[in-house]
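Enquirer: Sharing a structure here in structure tokens format.
Here, each number is a calculation from the coordinates, and none is a lab measurement. None of the values given here were measured: they were computed from a predicted structure. Ideal geometry is used to build each Cβ from the backbone, glycine not excepted, and the neighbour counts take in all protein chains shown.
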Amino acid sequence: MDEEKKITGKKNLLFSVLSVLLLCFLLFPLYWALITSLKNEQEIFQNPPTFYPHVLNLKSYAAQVETGDFNMFRSFANSFLISMGATVIAVLLAVPASYGIAKYHFKARKCMLLSFLVTQMLPVSVLLTPMFIMFKNMHVYNTWIAAVLADATIGIPFSVLILKNYFASIPKDLEEAAYLDGCNKFSAFIRILIPIAKPGVMVCAIFSFLYAWGDLAYGMTFILDQEKPPITAGIFNFMGQYGTKWSYLTAFAVVTIIPVALIFIFMQKYIVSGMTSGAVKG
């Protein structure tokens, strides 16, 4: 018995050490970006490299609100607006669509599922031209609406494929019990089914937001106004205007990562439970 405990303890210690090493490996690029943003250009290219800034340089962060047409706060707000809009549209459309696919059997069901899967795998470059023509005809080109609609197309297929598993796993008895209690189909859907699928809905909302937040192609293609671009397009335009200043670029990257890090820190419970439950129930 003692021997088994020793073996188990050694295994746990080994897995703990490996987990810490893997975590350090994954976090090192973020740490390197942070310290690079606090160095001057000369120290960045110093050989051997330094693992902390000898002279603290905050000019790269000050430049985010001072440099030319690029304003970090404005671009940050633009990205938040676009990402939230895309998230709301993706969730509002994906929830009823996934419920219909999961609960109703019709001839085009498999084709519809396949179309969502294919859409998820299509490269962005394939969609740019037809979207450009469509937004031009809709008179929404060079507006936030174009970017919101384009980014929503990224989140909708993923959300449908995830939520379908949730709704398919809900027993019919629950719906029938709701009907006996006086609920119609709509109220049963809102009051019973959606709360049960809440972890999946949260996961879909989070990843739809992150997809939109990290998008560059749609933001650059469909928004030309210098007052409206998302943060990714703003950083790209900054590179074209001022060249490759590594301290500036890494400072922009650090600020851009902050919302992503906060989402994973505070929404970790929903992400883990949502992804695992969806995988098991599917």
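Enquirer: Cα gyration tensor of the stretch 1-57, axes a ≥ b ≥ c as square roots of the eigenvalues: rounded (a/c below 1.5), prolate (a/b > b/c) or oblate?
Expert: Since a/c reaches 1.5 and a/b is larger than b/c, the shape of the stretch 1-57 is classed as prolate.
Enquirer: Over 24 Å between Cα atoms: which of 172/198; 110/164; 228/269; 39/228; 164/198; 164/228 fall into that group?
Expert: 228/269; 39/228; 164/228
Enquirer: Related question: I'd like the distance separating the alpha-carbon centroids of the stretch 9-56 and the stretch 147-169, in whole Å.
Expert: Cα centroid of the stretch 9-56 versus Cα centroid of the stretch 147-169: 36 Å apart.
Enquirer: Can you give me the angle between helix 2-37 and the longest principal axis of the chain, using Cα atoms only, in degrees from 0 to 90, rounded to the nearest 10?
Expert: Around 60 degrees separate the two axes.
Enquirer: Now for a separate question. Mind checking the stretch 26-108 for GluC sites (Glu not before Pro) that DSSP puts in a loop (not H, G, I, E or B) and that have at most 16 other Cβ atoms within 10 Å?
Expert: Sites meeting the loop and neighbour criteria: 66.
Enquirer: Counting Lys +1, Arg +1, Asp -1, Glu -1, what net charge surrounds residue 149 among other residues with beta carbon under 15 Å of its beta carbon?
Expert: With Lys, Arg at +1 and Asp, Glu at -1, the neighbours total 0.
Enquirer: Find how much the distance from residue 46 to residue 244 grows on full extension, using 0.36 nm per residue of separation minus their present alpha carbon separation; answer in nm with one decimal.
Expert: Extending this stretch completely gives an extra 69.6 nm.
Enquirer: The stretch 67-165: which chymotrypsin sites (Phe, Trp or Tyr not before Pro) are DSSP loop and have at most 16 other beta-carbon atoms within 10 angstrom?
Expert: Filter output for the stretch 67-165: 104, 106.
Enquirer: Something else about it: Report, in degrees rounded to the nearest 10, the 0 to 90 angle that the Cα long axis of helix 72-103 makes with the longest principal axis of the chain.
Expert: The angle comes out at about 20 degrees.
Enquirer: While we're looking at this one, here's another question. Report the FRET efficiency, 1/(1 + (r/R0)^6), for residue 109 and residue 174, where r is their Cβ-Cβ distance and R0 is 30 Å, rounded to 0.05.
Expert: 0.85
Enquirer: Report the residue, chosen from 78, 47, 237, that carries the largest GNM mean-square fluctuation when the chain is represented by alpha-carbon nodes joined by springs under 10 Å.
Expert: Maximum fluctuation in the GNM of the chain, among the listed residues, is at 47.
Enquirer: Let me ask something else about it. Between residue 126 and residue 227, how high is the FRET efficiency from 1/(1 + (r/R0)^6) when r is the Cβ-Cβ distance and R₀ = 22 Å? Nearest 0.05.
Expert: Computed FRET efficiency for residue 126 and residue 227: 0.15.
Enquirer: Could you work out how far helix 198-213 tilts from the main Cα principal axis of the chain, as a 0 to 90 degree angle to the nearest 10?
Expert: That works out to roughly 40 degrees.
Enquirer: Continuing with the same structure: Please give the calculated 222 nm ellipticity per residue for the chain, where each DSSP H segment of at least 4 residues contributes -39500 (n - 2.57) and the sum is spread over every residue; nearest 500 deg cm²/dmol?
Expert: Counting only the DSSP helices, I get -24500 deg cm²/dmol.
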